[in-house]
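Down below is the structure, laid out as structure tokens.
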């Protein structure tokens with residue numbers, strides 16, 4: 001069974017897609033069978049970063065049932081260690097209004113892909129689609145830049161992700177689940193209060209649903225003069241969201257990234273000695289170890 005990894009961010013322009021493409025390449029280079037799925041609805045461009053301008057098929061063809069299987073949409077880059085990608089949909093009305101049943105069909109198809117690792121670019125922002133794709137995975141990564149506005153957007157993204165996680169912990173036909181789905185929430189505290197008001201003990205259950213939710217944080221385009229207070233961010237998230245966000249790494253501001261984008265190649269392949277590439281390689285090493293832990297878990301559960 002593949003280990004699934006999703007990557008999200010509170011806003012666009014954080015370098016999320018570039019980072020994900022490099023991580024996918026590095027994991028493929030390590031000998032893993034990797035599939036990179038572009039779920040960035042309305043902003044799908046992963047294929048462009050590898051120099052693929054007109055893919056034969058895209059996710060739209062699967063959603064429109066022009067192809068029978070998601071595997072028909074897969075494009076394999078033999079020049080990039082056999083890395084596979086599923087190009088995204090672009091901006092289509094049907095995709096934006098994807099129904100619950102269509103979303104579940106897509107997620108089942110992603111789970112069934114023949115791969116060791118599946119990486120998903122869920123897009124930036126806080127749409128239901130982005131949040132659901134983000135929460136679907138085994139491992140969640142989130143990216144921000146060291147700017148106050150970017151940090152605020154990340155906090156908002158994580159807040160809505162935790163709310164979505166808690167809501168999903170209650171069955172739709174349960175009393176609490178039915179009540180919660182009738183309301184719109186702006187804070188996690190509001191969810192806890194209404195859950196407990198509806199049924200005694202529901203708040204504790206909601207809090208338990210967040211026990212294993214630990215999105216891994218990457219600071220991108222970091223500089224020596226960065227104003228972000230990483231300790232303060234972790235304290236804020238722990239206090240108001242009840243979760244921990246372990247830091248996976250920091251990627252320095254580096255002109256080599258733009259050079260790689262212009263060359264339609266991941267920076268870790270074009271300029272592996274560049275500071276940004278070295279930082280991403282370190283992050284990939286940590287992720288490989290996490291993937292190994294999930295593999296051990298799966299082996300133990302079937303022993």
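A compact table of results
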read-out	value
Test result for residue 117, crowded, with 20+ Cβ neighbours inside 10 Å and in contact with a strand residue (DSSP E or B) (Cβ under 9 Å, 6 or more places away or on another chain)	yes
Residues satisfying the stated conditions in the stretch 67-87, i.e. surrounded by 14 or more Cβ atoms within 10 Å (Cβ to Cβ) and part of a strand (DSSP E or B)	75, 77, 83, 84, 85, 86
Hits in the stretch 21-42 - residues which are within 23 Å of residue 104 (Cα to Cα) and in a loop (DSSP other than H, G, I, E, B)	39, 40, 41, 42
Some residue of the stretch 139-149 being surrounded by fewer than 21 Cβ atoms within 10 Å (Cβ to Cβ) and in contact with a helix residue (DSSP H, G or I) (Cβ under 7 Å, 6 or more places away or on another chain)	yes
Candidate set from the stretch 43-66 (those that are crowded, with 16+ Cβ neighbours inside 10 Å and assigned to a loop (DSSP other than H, G, I, E, B)); member that is modelled with the lowest pLDDT	43
One residue from 248, 270 being at pLDDT 95 or above and in contact with a strand residue (DSSP E or B) (Cβ under 7 Å, 6 or more places away or on another chain)	248
Residue count for the stretch 221-238, restricted to those that are modelled with pLDDT of 80 or more and either buried (at least 16 other Cβ atoms within 10 Å of the Cβ) or farther than 13 Å from residue 146 by Cβ (or both)	8
Failed condition for residue 187, given (1) surrounded by fewer than 20 Cβ atoms within 10 Å (Cβ to Cβ); (2) over 22 Å from the mean Cα position of the chain (by Cα)	(2)
Test for residue 260: is it crowded, with 18+ Cβ neighbours inside 10 Å and either part of a strand (DSSP E or B) or over 21 Å from the mean Cα position of the chain (by Cα) (or both)	yes
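The values are calculated or read from the model by the stated rules, or taken from the named source; none is laboratory data. Because the structure is a prediction, the values reported are computed rather than measured. No Cβ is skipped: glycine too gets one built from the backbone with ideal geometry, and neighbour counts run over all protein chains shown.
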